[in-house]
Amino acid sequence: MIKGHASLHAAAIALAASLVAGCAASPSRVDPFEPMNRAFYQVHDAVDTAVMKPAIQVYIDVVPQPIRKSVSNFFNNIEDFISAINDLLQGDLDRFGNDMGRVTLNTGWGLGGLIDLASMLGIERGNQDFGLTFGKWGLDQGPYLFVPLLGPTTFRDGAGWIVRLYVGPVGYISDVPLRNSIYGVGAVDLRAQVTETSQIIDTAALDRYVFIRNAYLQRRRYLLYDGKPPPEPEEQQ
Amino acid sequence: MNAMRQIIRRIGLATLFAAATVLNAAPALAQEAPDVMVKRVAQDVLAAVKADPLIQAGNQARIREVIEVKLLPNFDFARMTALAMGKNWRAATPEQQKRLIDEFRSLLVRTYSGAISQYRNETIDYKPLRMSAGDTDVLVRTNVVRATGSPVQIDYGMEKTADGWKCYDVVVGGVSLVTNYRDEFNEQIKNGGIDGLVKTLADRNKGVAAK
């Protein structure tokens with residue numbers, strides 16, 4: 001019994017020591033797991049180059065642009081509904097009206113979300129998700145994480161992803177091939193939407209890992225503060 | 001008599017000076033508002049892109065020419081580089097500062113060329129400008145509606161200079177170019193000093209791929 005405790009203590013000390021060592025090697029507060037994240041990023045980038053990019057190129061070459069736009073609109077309409085749920089959780093009735101109005105309009109009059117009539121009328125997307133709701137509730141963003149195939153996130157946003165997965169609706173489709181096809185098309189659509197961004201990052205970045213991390217964290221901060229983030233202290237690292 | 005002549009001469013000089021001041025001030029009075037300027041430049045660049053079949057075909061030299069002539073004179077690269085350098089700017093020698101400005105400028109030209117090559121009839125909505133009379137630093141906000149995907153918000157940080165309004169930051173969907181580069185520059189300087197950063201920038205401009 002006592003022996004068990006001792007080894008537990010030893011393990012805890014070893015863990016603490018390795019965390020301290022990790023921090024010393026990479027003193028960044030936001031990205032304490034940088035070595036691991038960088039390794040995951042390399043894996044992600046390799047898969048992206050070998051599989052995703054060629055697949056996206058085929059998708060863009062074969063599927064006409066209006067259809068691709070409709071696919072984006074369809075998935076965006078679902079996310080607008082998720083955004084409306086989060087508006088409620090945040091107590092933002094103003095934005096809830098906006099997002100729910102978008103969903104009603106686009107689902108009812110825009111052929112089930114295939115046409116984004118609301119954007120044409122200048123009603124902008126709310127872009128809220130569970131990670132942002134947790135943030136508005138006061139949860140700390142926690143360490144940055146890069147997840148292969150899924151991309152950049154933080155502990156808080158990752159928790160948001162998990163909640164999002166349970167909310168559905170695609171996850172509740174019982175026909176497995178249909179469900180997986182929808183997930184697949186969704187992934188292709190998502191990747192196709194960032195094709196231009198990823199090409200720009202290839203030119204602009206000095207170190208793509210750092211560029212993506214900074215851009216992600218800046219974007220999330222911007223959304224968390226509803227487009228009006230307070231100025232960041234310059235000496236942040 | 002001599003004293004009289006001197007007074008007249010002084011009045012004459014004063015008039016000349018006053019006239020010069022007024023003439024100098026005239027363009028400043030007629031200076032266009034920052035949002036009007038952003039709109040004019042954007043439309044000018046996009047019109048040139050649309051009208052040029054070589055650019056449509058992806059001719060990089062032509063794209064760069066349009067950017068050099070129409071876009072770049074409206075940017076303040078010295079301010080941009082200084083902001084991206086943050087506290088490291090003062091640590092750089094004048095020679096290093098000059099090289100940094102040049103390389104950063106080239107990098108942004110390359111980035112802009114890439115972005116413009118992908119231009120596909122996007123439409124730009126200009127949001128109302130929030131600006132008070134004496135402001136010398138404003139954010140011009142636009143929303144770019146793309147043929148595919150979601151609209152992208154692109155804002156321009158503009159400062160008033162003696163030479164008219166100049167752009168010193170581009171903010172895409174809340175991601176500031178200057179802030180993003182500040183962290184990248186910091187990282188490079190931490191690893192290889194200011195000369196290391198200059199070298200990395202120069203390498204990227206020579207087409208060496210990023211890590």
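Every number here is computed from the coordinates shown, using simple stated rules; none is lab data. A quick note: this is a predicted structure, and the numbers were derived from the prediction, not measured. Here the Cβ positions follow ideal geometry from the backbone for every residue, glycine too, while neighbour counts run over all protein chains shown.
Legend: calculated FRET efficiency, B:ALA33 to A:VAL43, from the Cβ-Cβ distance at R0 = 60 Å, rounded to 0.05, equals 0.75. Going from the residue with the fewest nearby Cβ atoms within 10 Å to the one with the most, A:LYS136, B:LYS87, B:LYS206 rank B:LYS206, B:LYS87, A:LYS136. Within the straight-line cut-off of under 17 Å between alpha carbons, the lysines reachable from B:LYS70 are B:LYS39, B:LYS50, B:LYS166, sequence neighbours fewer than 8 places apart in one chain being disregarded. For B:LYS190, the lysines whose Cα comes closer than 28 Å to its Cα, not counting residues fewer than 8 places off in the same chain, are B:LYS87, B:LYS98, B:LYS199, B:LYS206, B:LYS211. Mind giving me the FRET efficiency for A:LYS53 and B:ALA133? R0 is 51 Å, r the Cβ-Cβ distance, nearest 0.05 is fine. Once the sixth-power term is evaluated, E becomes 0.50.
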